[in-house]
Amino acid sequence: MLGTLINCLAVICGTIIGVTMGKVFFSDEMKQITIKSIGLLTMMLGVQMFLKYPLSEMEFLVLMFSLVLGGIIGVLIKIEDNIEKLGEWFKDRAKNSESTFVEGFVVASIIFETGPLAILGSIKDGISQELDLLLIKSGLDGIMSIVLSATLGIGVIFSVVPILVYQGSITLISVLVGPQLSESVQGMISVVGGVLILGLGIRILEIKDIPVGDMTPSILLVIPFTLIFEMIQVML
């Protein structure tokens, strides 16, 4: 859990810095160009992650089933709607009138949770208490939170709640199931994460409003699907 706590602290510090700098140094034009830059960089990161692990035909089917079924599950349990409601709840409690409060919370939560570092880093933290991946993620999230909070406001800071719940739960679960994950499973997690991050970049650029949050269950579904695929290969 130490890695996740460090991650949360990085987001809190980054948000405070971003809100302070944003009010003093960022004009509306600078905020817009910053958001567009984040969108382009996010798309590039997604493509890079997706192409890093070449897929076989069967693995492509695993990816397809994971994304489709994960999206269906996300819609049924209304992940994005619930994230927005949670953002509205935080906004009311914080008595904040910023129009971008909920957007900041939602965008930050999705960015900080959909990447494979969140899962792989939490798993590694749970299995061997090694923090290297989560420390890298903390640095990236800290920088991203500065930019996001400078453009979208204080709502970004409340993304530490889903980070704590999401990554903390994975760390605890990984103590039991983590040793079972093969390199191919980790590779498929990276591929699914890359697809979701690409979709998030498209959303940030306002090209298409892709419900990335609803698709996040696919990151977890790809694990059993890949294991089943590996079992079928052994049987054949």
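The values are calculated or read from the model by the stated rules, or taken from the named source; none is laboratory data. Since this is a predicted model, take the numbers as computed values, not measurements. Cβ: placed from backbone, ideal geometry, glycine included. Neighbour counts: every protein chain shown.
Observations
- Residue list for region 181-227, filter: under 10 Å from Gly70 (Cβ atoms) and either in contact with a strand residue (DSSP E or B) (Cβ under 8 Å, 6 or more places away or on another chain) or modelled with pLDDT under 80 (or both): none
- The C-beta contact set for region 120-133 (first residue surrounded by 13 or more Cβ atoms within 10 Å (Cβ to Cβ), second residue among the hydroxyl-bearing types (Ser, Thr, Tyr) and in a helix (DSSP H, G or I), distance under 7 angstrom, 6+ apart or interchain) comprises Ser122/Thr4; Ser122/Thr171; Ser122/Ser174; Ile123/Ser174; Asp125/Thr171; Gly126/Thr171; Gly126/Ser174; Ile127/Ser174.
- In region 87-141, the residue that is modelled with the highest pLDDT out of those that are assigned to a helix (DSSP H, G or I) and farther than 27 Å from Gly74 by Cα is Leu135.
- Residues satisfying the stated conditions in region 199-230, i.e. hydrophobic (A, V, I, L, M, F, W, C), out of contact with any helix residue (DSSP H, G or I) (no Cβ under 8 Å at 6 or more places or on another chain) and closer than 26 Å to Met58 by Cα: Ile228
- Scoring Met44 on the criteria (1) at pLDDT below 75; (2) surrounded by fewer than 14 Cβ atoms within 10 Å (Cβ to Cβ); (3) of a type in the set (A, V, I, L, M, F, W, C) leaves a single failure, condition (1).
- Taken over region 64-83, the criterion of being out of contact with any Phe, Trp or Tyr (no Cβ under 9 Å at 6 or more places or on another chain), part of a helix (DSSP H, G or I) and either hydrophobic (A, V, I, L, M, F, W, C) or touching a residue at least 40 places away in the same chain (Cβ under 8 Å) (or both) is satisfied by Met64, Leu67, Val68, Gly70, Gly71, Ile72, Ile73, Gly74, Val75, Leu76, Ile79, Glu80.
- Screening Pro54 on (1) of a type outside the set (A, V, I, L, M); (2) within 20 Å of the chain's Cα centre (by Cα); (3) at pLDDT 80 or above shows it passes everything except condition (2).
- Val160 touching a Cys at 6+ places or on another chain (Cβ under 7 Å) and either buried (at least 22 other Cβ atoms within 10 Å of the Cβ) or not in a helix (DSSP H, G or I) (or both): yes
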